[in-house]
Amino acid sequence: GLTYSEGELKEIADQARIQNIYVISDEIYGLLNHNLNHKSFANYYPEKTITTTGLSKWCGAGGWRFGAVFVPNEIESDLKKTMIGIGSETYSCAPTPVQIAARTAYKNFQDITWYIKWQVNILSQIGNYCSDKLNSSGIRVHNPQGGFYIFPDFSLHQEKLHAAGIKTSNDLCQTLLKDTGVVLLPAHAFGFEENYLAARLAYVDFIPPLENSHFDVEKNCPKVKIGIDAIIKWIENI
């Protein structure tokens, strides 16, 4: 749920330019920046930044996989030819309904900016609700700046988790699932050390409010509320 500042992007771009490297910048969550001010890395290193994106996140179309890549004109011809070759064998065969949906979404993008703002407002409220609740129980979470994930860190409870036989993030998620029914993904699945007691939490299960109705986290996200309450109760009683 975190994002780079403009200063950080400039510093990374400076180093990439010094090292003369290509950068693949995956910006599939860019349009879900909670302040609607996403800055593409290509703005700072346009000559060698390959930007990837797609429909599945910002469009709320998780099962409708459609990816897109923006390649700079200056890219080496051999690299571009290789990318096109790989693409033609892997992702260029998107089902026809998905292609039609993508064409409609991108062609009429200005007509759906209201939808992006609407969902970003909802996701921001849910994300901050979850992080505030978890932080209050000693489960450390950065308040999200975009997307619809947070990364709860249970390290402050390490002593009693270890006493309960929970010593890895896999242990953490398996025990939490068994005891509460709440599903998280272990930190180990994202490249962290096995003993790092953290996990990824997604909070996209909500009921859209009626037109002109106020969005209420506890009313419109009952399962998210139940899940957060269950995690807090579990860590208090472990």
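Taken together, the values in this text are just the output of simple stated rules run on the coordinates, not laboratory data. Owing to the predicted nature of the structure, the values given are computational and were not obtained by experimental measurement. A quick note on method: Cβ atoms are made from the backbone with ideal geometry, for glycine too, and the neighbour counts reach across all protein chains shown.
Numerical summary
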| item | result |
| --- | --- |
| Residues of the stretch 190-207 satisfying the condition of being touching a Cys at 6+ places or on another chain (Cβ under 6 Å) and either surrounded by fewer than 12 Cβ atoms within 10 Å (Cβ to Cβ) or part of a loop (DSSP other than H, G, I, E, B) (or both) | Tyr203, Phe206 |
| Helices (runs of 4 or more DSSP H) contained entirely in the stretch 38-151, each with at least 2 residues that are aromatic (Phe, Trp, Tyr) and over 22 Å from Ile231 (Cβ atoms) | 113-136 |
| Qualifying residue in the stretch 18-31 (condition: surrounded by 11 or more Cβ atoms within 10 Å (Cβ to Cβ) and more than 30 Å from Gly127 (Cα to Cα)) | yes |
| Cβ-Cβ under 9 Å pairs, at least 6 apart or on other chains, the stretch 3-24 side touching a residue at least 60 places away in the same chain (Cβ under 8 Å), far side part of a helix (DSSP H, G or I) and of a type in the set (Gly, Ala, Ser) | Thr3/Gly30 |
| The stretch 208-238, subset hydrophobic (A, V, I, L, M, F, W, C) and assigned to a loop (DSSP other than H, G, I, E, B), residue surrounded by the fewest Cβ atoms within 10 Å (Cβ to Cβ) | Leu210 |
| Test: residue in the stretch 155-170 that is out of contact with any Phe, Trp or Tyr (no Cβ under 7 Å at 6 or more places or on another chain), among the aliphatic types (A, V, I, L, M) and under 30 Å from Lys117 (Cα atoms) | no |
